[in-house]
Amino acid sequence: MIIDFLVLAYPWTKSLHVISVIAWMAGLFYLPRLFVYHVERVGMSGETADLFQTMEVRLLRAIMNPAMIATWIFGLALVFTPGVVSWQELWPWTKTAAVLAMTWFHHWLGLRRKELLAGTDTRSGRTYRLMNEVPTLLLIVIVVSVIARPF
């Protein structure tokens, strides 16, 4: 019964998965950039620091967290839809590894957010610039794995 539903809902599930991924990626690209400006230009106290704190917290809680959860829910629904994923191929494994890494990165950003809020973050803008490249690299692995399937 659930299998029939998943097959019938496939176009909607896939659509909602892609929408969720786009929202999640937007946040993963933007939050480290906010951190760069926060540590390099704003500092840890003052009115502008409070504004950055608000933007960072809202981005993480109102956009990124729900988008990550939705991405996982719709992604798992696709995995359980018959005929969508063949685990005998390599591409679902490379995609899974990249999604797990993306989830780790999301949580890493959340921990940095808490450090910034507490005023205990000691990372430089350079660190956040480098980390800002992580979601791009993972996105490349995911898209190539799913669409080109070279593996």
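The values are calculated or read from the model by the stated rules, or taken from the named source; none is laboratory data. If you're wondering where the values come from, they're calculated on a predicted model, not measured in any experiment. Here the Cβ positions follow ideal geometry from the backbone for every residue, glycine too, while neighbour counts run over all protein chains shown.
Could you go through the range 61-76 and let me know if any residue there is touching a helix residue (DSSP H, G or I) at 6+ places or on another chain (Cβ under 9 Å) and of a type in the set (Lys, Arg).
No, because not a single residue in the range 61-76 is touching a helix residue (DSSP H, G or I) at 6+ places or on another chain (Cβ under 9 Å) and of a type in the set (Lys, Arg).
What are the residue pairs meeting all of these: first residue in the range 133-151, first residue basic (Lys, Arg), second residue exposed (fewer than 13 other Cβ atoms within 10 Å of the Cβ) and not in a helix (DSSP H, G or I), Cβ atoms under 8 Å, and 6 or more apart or on different chains?
Short answer, once both residue conditions are applied: 149/89.
Considering 99, 143, 84, 134, which residue is out of contact with any strand residue (DSSP E or B) (no Cβ under 8 Å at 6 or more places or on another chain), surrounded by 12 or more Cβ atoms within 10 Å (Cβ to Cβ), farther than 27 Å from residue 35 by Cβ and not hydroxyl-bearing (Ser, Thr, Tyr)? If you could, list the steps in order and put the result at the bottom.
Values: 99 fails: farther than 27 Å from residue 35 by Cβ; 143 fails: farther than 27 Å from residue 35 by Cβ; 134 fails: farther than 27 Å from residue 35 by Cβ.
After ruling out the rest, the residue left standing is 84.
Which of the residues that make up the range 1-38 are within 30 Å of residue 51 (Cβ to Cβ), among the hydroxyl-bearing types (Ser, Thr, Tyr) and exposed (fewer than 15 other Cβ atoms within 10 Å of the Cβ)? Explain how you work it out, then say what you get.
Let us first name the residues in the range 1-38 that are within 30 Å of residue 51 (Cβ to Cβ), namely 19-38.
Still in the running and among the hydroxyl-bearing types (Ser, Thr, Tyr): 20, 30, 37.
Hit for the range 1-38 is 37, nothing else.
Of all the residues that make up the range 74-104, how many are closer than 21 Å to residue 9 by Cα, part of a helix (DSSP H, G or I) and in contact (Cβ under 8 Å) with a residue 40 or more places away in the chain?
So the answer is 6.
Assess whether residue 100 counts as being closer than 25 Å to residue 147 by Cα and modelled with pLDDT of 95 or more.
So residue 100 passes the test.
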